[in-house]
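The values are calculated or read from the model by the stated rules, or taken from the named source; none is laboratory data. Note that the coordinates shown come from a computational prediction; the quantities given were computed from them, not determined experimentally. Heads up, the Cβs are rebuilt from the backbone with ideal geometry, glycines too, and the neighbour counts pull from every protein chain shown.
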Amino acid sequence: MLLRAHLLRLPMFLWLLALANPVLAHKASDSFMYLDTDSGQFRIDVALRDLALLVPLDTNRDGEVTGGEFRQHRGAVLNAIEAGITLSTGNSACELQGQQWGISQHSDGAYAATRYQALCDGGQAPDRLEYHLLFEQDSLHRGLIQISTGETSSLAVAGPDSRTVDLRPSGRSGLWLSFTTFLQEGVVHLLIGLDHILFLLVLVLPASLTHNQPTTSPRPWLPSRAQVIELSAVVTAFTVAHSITLALAALEIVSLPIAWVETVIAASIVVAAVNVVWPVLGRRTWPLAFGFGLIHGFGFASVLSDLTSGTANLAVALAGFNVGVELGQLALLAICFPLLTLLAQATPLYRRALVPITLLGVIGVSLMWVWERVPAI
């Protein structure tokens with residue numbers, strides 16, 4: 001009875017998680033910074049929706065922050081941004097002299113864009129950036145920075161556990177640093193993307209139902225050979241597909257509107273969940289994983305495309321980010337799939353109750369996302 005109660009609570013948990021954390025189903029919260037160390041020019045773009053966590057921008061309380069509302073509170077916004085950033089050289093902070101401000105458009109909406117001149121002691125270039133904007137309001141927030149020196153540029157990430165960025169060439173010269181930095185971001189992006197996680201869950205559920213008769217094996221959580229083959233086909237198809245479109249989008253070979261991409265991602269979860277019960281697209285899951293994986297790749301790319309265009313080590317950042325996504329995916333499956341296998345073999349309630357109710361919960365959450373994301377025409 002206790003097991004049954006816990007099983008039946010899982011769909012409700014998914015629903016509450018989606019309602020409580022809508023940000024997890026959307027593009028990660030990022031700010032974009034651009035620094036030219038030769039000229040001391042510094043620009044930062046912060047999403048209006050994120051700034052609303054610091055300054056009450058939504059004065060008419062309609063759930064949307066407009067450019068007009070930003071202009072109305074411009075002083076408070078600029079103060080909040082400048083309080084969260086420090087450029088330094090040696091032991092002295094540089095003065096940030098405001099030059100321009102306005103609205104910029106990124107793949108996921110409107111951003112406040114501000115440009116500064118960094119005035120450091122002795123006319124030196126800044127060698128350190130301290131960033132702590134929005135971390136108290138959103139622990140998943142990241143500050144992505146493009147650092148240009150002469151003809152070269154590199155990428156770095158500031159997060160809650162890495163708030164100081166070394167701007168000196170000696171502190172950021174290695175390709176390995178770029179690779180590992182974006183590998184970590186790829187892992188984080190996969191694990192906080194609830195829509196990608198639900199899609200993977202729906203894809204692997206059929207594999208957990210393969211040969212799931214009760215067993216007396218001392219290791220009932222170990223998948224059978226048939227399950228491993230089916231799961232490997234799904235993971236490989238999804239990986240190959242999203243790797244293709246992640247590269248195409250990040251390299252700006254193919255560009256799709258991110259609002260429609262996110263809408264189709266949400267719809268893909270609905271279709272995949274329905275197909276488990278009514279396999280109108282076929283019982284083989286890997287073609288479905290490949291087809292919709294192409295769309296999910298464009299969603300993964302949105303975190304990179306706004307920053308990395310024209311960056312010298314884009315290929316390294318792209319490779320690290322993609323490997324990070326794969327590691328996050330494999331870690332998730334390594335933990336969750338044996339648990340699903342164990343439940344499938346431990347109780348007939350898994351097939352009869354938990355799977356159908358979970359699919360209904362996933363469909364409900366995903367339809368809500370479709371409604372939220374579909375752009376106004």
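List of remarks:
- Segment 141-154 residues that are assigned by TED's automatic domain parsing to the domain that holds Arg128 and without any contact (Cβ under 8 Å) to a residue 60 or more places away in the chain, paired with ones that are assigned to a strand (DSSP E or B) and among the aromatic types (Phe, Trp, Tyr) (beta carbon under 8 Å, 6 or more apart): none
- Note on segment 189-283: enclosed helices (runs of 4 or more DSSP H) holding 3 or more residues that are farther than 30 Å from Gly159 by Cα, assigned by TED's automatic domain parsing to the domain that holds Ala315 and at pLDDT below 80 are 225-250.
- Among residues of segment 110-154, those that are in a strand (DSSP E or B), among the hydrophobic types (A, V, I, L, M, F, W, C) and touching a Ser or Thr at 6+ places or on another chain (Cβ under 6 Å), counted: 2
- When the residues of segment 66-82 are filtered to those that are of a type in the set (Gly, Ala, Ser) and more than 26 Å from the chain's Cα centre (by Cα), the one that is surrounded by the fewest Cβ atoms within 10 Å (Cβ to Cβ) is Gly75.
- Among residues of segment 352-377, those that are closer than 15 Å to Val274 by Cα and of a type outside the set (A, V, I, L, M), counted: 5
- Counted residues, segment 110-134 - those being within 18 Å of the chain's Cα centre (by Cα) and either at positive phi or not assigned by TED's automatic domain parsing to the domain that holds Ala52 (or both): 1
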